[in-house]
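Notes to accompany the following structure.
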Amino acid sequence: MSKKNYMTSSQQISLLDSPKKPWSHTLKDQMVPTSGDVNALFSVLLDNLANIASMVSILVAFGMPMDFVARYFVPGPAIAVMLGSLSLSFYSIWLDHKSNDPSVLYTSIPIGLDAPTTIGLPLLVVGPAFLRSLGAGNSTHDASMDAWLAGCTTVFLIGVFKVLLSLLSFAQGYFHPVGKAGALAGIGLALLGLNQLLTILEEPVAGWISLWVLFLLLLHRVNKTNGLPINIQLPFNLSGVLLSAVIGSLIYYVMAAAKISVIPMPTDILSNYVVSYPHPADIFSRFASTIQQNISIAIPYAILVNIGGLTICDAAVTVGNNYNTRVVLLIDSATTIIGSFLGAVTQTTPYIGHTVFHQKFKARSGYSVITGVIIGLGGFLGYISFLTSILPKPAIIPIFIFIAFEICSETFHGTLSGIFRHHAPAIVWSFFPALFQFVNIILSQISPTLSDSVIDPQKVITSLGLAPNVVSMVSVIIVLAHGFILTSLLWGTSLGYILDNQLAKSAIFLAITAFVTFFGVIHSVNPNGEVYLPWNSGSNLPYHWSAAYLLLAIITYAFSFYQPDQSKINLNDLENNLNNNNSSSDNNDGSTLDIQNHFQEKKF
């Protein structure tokens, strides 16, 4: 049960009549950095550096020139982070000044680059667009430019949808909480977990040690068996993220200097130093094609960040920071849209670290202002790209594994509103599409020819010498991977409503799934995952998949009229189950209460 603070009427009157703090005191309290601000600064700064480093490495791996990536892809998101950090810092300072309660300390909500988008869009949008443009006969520079514009336009669409979601509250009202949380956790598991773990372990010694030190320092948990904490507390609240990165970097450079590392020492670092500026992106020149190709990616990414922002603001309110959720979401949406016009191929997002920074670090707003300025200036002066070149990725990207842990554990442990123990099957079910997307990414890097497995399987069999059953399996993987985020939302929502015994709602979402499948918004048979008119798709699969989902909707709706014979319920098993649920969780939901009431009626 939550604890309540009780005040006498005289205390309440005194609190209401207390004068506001002068602006000079507010600015001093908020802007003068404390040790907690320093730790929060390093946490957010390294997280953004890790995001940018991952984005750069993915784009270069696709074949884009490093010089082009540094000039066009880095400045835009750096400016977006700066604008978002400064805006939310000033909002925090204003709320602190406005507050009549001198005991309330406001901590700025951290903002930075959204890790799933920063990794996902280069893999799903920018890189494939670059390869398509190269395949069409364009030069490397022109293909890079095409891919950059495709990414910027997709981010613009994400920003527009974020504004609409913030104003209409659509995602919160209709999708089941399991679908929303499961889709985000699936991205965390596949793109932040599995995908980044491969990079970390390319350099096993430095990667493993950096990762495990991070686990020791950041897994702030208490063992329920003996009540002892399982993390190591650093003196002076030192940043565990910073210490982990420093240890991993030192190990790597010692081994690289001795020529015993797996990844050789980087060369020509200074020659690649680039002083740049944000390049305006003519996003409307790619608007129609981007909608056709990437609408199924843009909408789910907008929904997931919108949900994350809501969760962060709700958590902030519980610790006394009464942020207006809509203001925070609109600030984030605006920075995403501005960033798209300045060359960003990823969106901004409020970070989950606010409550930690507030309660553990006692950070204020100084950390956010300083972080925003450092990152923003780095986009102009080039040191952001320079740092991503000299910092070994196995040492700085383990933070993504920790983020994946946090996202998945929040989903499973029932700390999110509307998610309970009985929803576990739907959560796992919503993971599957992201795992198929992870496999699809690996397959596309093995051979681009595999993308034709759906439309032209005979071509793949002949070109690569694969068995027909293998090509058939690959085609199913590709179909399930296309539109995977929206698929996770729909799968998790439909199964979540079944588990809540709301079969009619589940049937509605299955019918929606059939509709979007018919036009390739999800499960596109097009090699590039584009939407289409099904009769122009070149395959009969849109009819088969859509018919399957439609039949599922009809069957599920028919089952909604079936009422189980409650007289056959084993009361002893029911009582044991209720006792187990009550002992394992402090949460409860309507379905459990109904069962409890039924049990009482039958037993007494």
Report summary line: Neighbour-count ranking for W212, W23, W545, W491 (other C-beta within 10 angstrom, fewest to most) reads W23, W212, W545, W491
Requested in this report: Among F559, F386, rank each residue by its count of other Cβ atoms within 10 Å, from fewest to most, as a rough exposure measure.
Outcome: F559, F386
Query raised in the report: Which of the DSSP-defined H helices in the chain satisfy a minimum axial length of 24 Å, computed from C-alpha atoms, and a minimum mean Kyte-Doolittle hydropathy of 1.6?
Result: 240-257
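Suppose only helical runs count, i.e. DSSP H with n ≥ 4. What mean residue ellipticity at 222 nm does that imply for the chain under -39500 (n - 2.57) per run, divided by all residues and rounded to the nearest 500 deg cm²/dmol?
On the way: 26 runs with 385 residues, N = 604.
For the chain, the value works out to -21000 deg cm²/dmol.
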Query raised in the report: the chain: longest stretch without exposed trypsin sites (Lys or Arg not before Pro) (DSSP loop, at most 11 other Cβ within 10 Å), sites themselves excluded?
Result: 260-604
Query raised in the report: Relative contact order for the chain: what is it in percent, counting Cα pairs under 8 Å that are at least 6 residues apart?
Result: 23
Query raised in the report: Which far-off residues, 5 or more places away or on another chain, put their amide H under 5 Å from the one on Y323, with H placed in the peptide plane?
Result: V317
Report summary line: Treating only Lys and Arg (+1) and Asp and Glu (-1) as charged, each at its beta carbon, one finds that the chain has a dipole about its Cα centre, in Debye to the nearest 20, of 700
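Assign one of three labels to segment 424-562, namely rounded, prolate or oblate, based on the Cα gyration tensor with a ≥ b ≥ c the square roots of its eigenvalues; rounded applies when a/c is under 1.5, prolate when it is not and a/b is larger than b/c, and oblate otherwise.
Numbers: a/c = 2.55, a/b = 1.83, b/c = 1.39.
It comes out prolate by the Cα gyration axes.
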**Report entry** Alpha-carbon centroid distance for the pair segment 18-90 / segment 427-452, whole angstrom
**Finding:** 32
Report summary line: In terms of the charge dipole of the chain, which places +1 on Lys and Arg and -1 on Asp and Glu at the beta carbon, the residue among S99, S365, I441 farthest towards the positive end is S99
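Does the chain come out rounded, prolate or oblate by the C-alpha gyration tensor, with a ≥ b ≥ c the root eigenvalues, rounded set by a/c under 1.5 and, if not, prolate when a/b is larger than b/c and oblate if not? Before the final figure, lay out each step's value.
Numbers: a/c = 1.58, a/b = 1.02, b/c = 1.55.
Oblate, because a/c is 1.5 or more while a/b does not exceed b/c.
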Query raised in the report: What is the order of Y323, Y367, Y277, fewest Cβ neighbours within 10 Å to most?
Result: Y277, Y323, Y367
Report summary line: Between G112 and residues 5 or more places away or on another chain, the pairs with built amide H atoms under 5 Å apart involve T349, Y351
Report summary line: Gyration tensor on Cα atoms of segment 207-354, a ≥ b ≥ c root eigenvalues, a/c under 1.5 rounded, else prolate if a/b beats b/c, else oblate, says oblate
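Read the figures in this text as sums done on the coordinates, not as results from a lab. Since this is a predicted model, take the numbers as computed values, not measurements. Cβ atoms come from the backbone with ideal geometry, glycine included; neighbour counts cover every protein chain shown.
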